[in-house]
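Read-outs throughout are calculated quantities, based only on the coordinates presented, and are distinct from any laboratory measurement. Remember, it's a predicted structure, so these values are computed and weren't measured experimentally. Cβ placement follows ideal geometry from the backbone for every residue including glycine, while neighbour counts extend to all protein chains displayed.
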Amino acid sequence: MKEELIKIESLSKHYRVGTEVVKALRSVSISIYKNEYVALMGPSGSGKSTLMNILGCLDSPTAGSYYLNGKDVSKQVDNELAEVRNKEIGFVFQTFNLLPRSTALDNVALPLIYSGINKGNRQQQALKVLDQVGLSDRVSHKPNELSGGQRQRVAVARALVNNPSIILADEPTGNLDSKTSIEIMGLFQQIHQAGNTIILVTHEEAIAKHAHRIIKLLDGNVESDEINDHPTKIDQHALKQETE
């Protein structure tokens, strides 16, 4: 039996812009299960970014419920949401969001500071995930000494370091060339195979096709929610040979 990780029920989000009320999400209901690989798609204004912000506990809904690991987080206040974000969610952004003056190791270890883990253990965990993403030889490098693909790998390692319930990736290949995009999608494939739950936000059909389930939003509603029976697979061995 599949284990329900996320359950959102009749979720709505309204914004007031001047005298107008913008309905970004209109009574959306979705369940996402442990170890699923889901792509959220939709054009600009579809509500996908609003939904991502709520799933990432960066924002709260106007109405409806959001259960994460059985806990209703939709009613939580800011400091409680910050704790959920740190423990449960690993973020990967299009723009990497790395600290420019810090090494790869320090960037990856950063979330562990907020978890109260001592320096020795922080570094040990950060080294482990940097090795996982193929960057054990780049731990002392700063972002400006790394390629775009390597920077995104550091960001993925930082997302993994707390062993979160969800990896939430927002347009993770948006700033990368096509070859590097394939490398990063290969990395997400490995992460999913290792048992992680991935929610990928993208407007690119080719990127969405790597996921095993594709949810499309339009005008704040779920337009379609379909299983992708033939997800794009990347030959890791061939990719490794190509990049060496």
message: Between Asn35 and Leu218, what is 0.36 nm times their sequence separation minus the Cα-Cα distance? Round to one decimal in nm.
response: 63.3 nm
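Going by C-beta contacts inside 10 Å, put Val161, Val84, Val17 in order with the fewest on the left.
With the sparsest Cβ surroundings first, the list reads Val17, Val84, Val161.
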Residue order, fewest to most surrounding Cβ atoms within 10 angstrom, among Glu88, Glu3: Glu3, Glu88
- request: Please determine, in degrees from 0 to 90 and to the nearest 10, the orientation of helix 104-114 with respect to the longest principal axis defined by the Cα atoms of the chain, where the helix direction is its Cα long axis.
  value: 50
- prompt: When the label point is put 7 Å from the Cα of Ser27 along its Cα-to-beta-carbon vector, which residues of the range 195-239 have a backbone N closer than 13 Å?
  reply: 221-222
query: To the nearest Å, what is the center-to-center distance of the range 96-111 and the range 152-171, using C-alpha atoms only?
result: 13
- line: Relative to the chain, whose Cα atoms define the longest principal axis, helix 78-88 and its Cα axis are tilted in degrees, nearest 10, by 50
query: Which FRET efficiency, nearest 0.05, do Glu83 and Asp59 yield, Cβ-Cβ r, R0 22 Å?
result: 0.90
field: Projected label distance in nm at Glu20 and Asp229, using a 7 Å step from Cα toward the beta-carbon
entry: 4.3
query: Considering the values [x] 149; [y] 120; [z] 141, which represents volume of the Cα convex hull per residue in Å³ as calculated for the structure under consideration?
result: [z]
message: Sorting check: for 165-177, 105-117, which peptide has the highest mean count of neighbouring beta carbons within 10 Å, and how do the rest follow?
response: 165-177, 105-117
field: Options Leu51, Leu168, Val77, ranked by Cα towards positive dipole end of the chain, top entry (Cβ charges)
entry: Val77
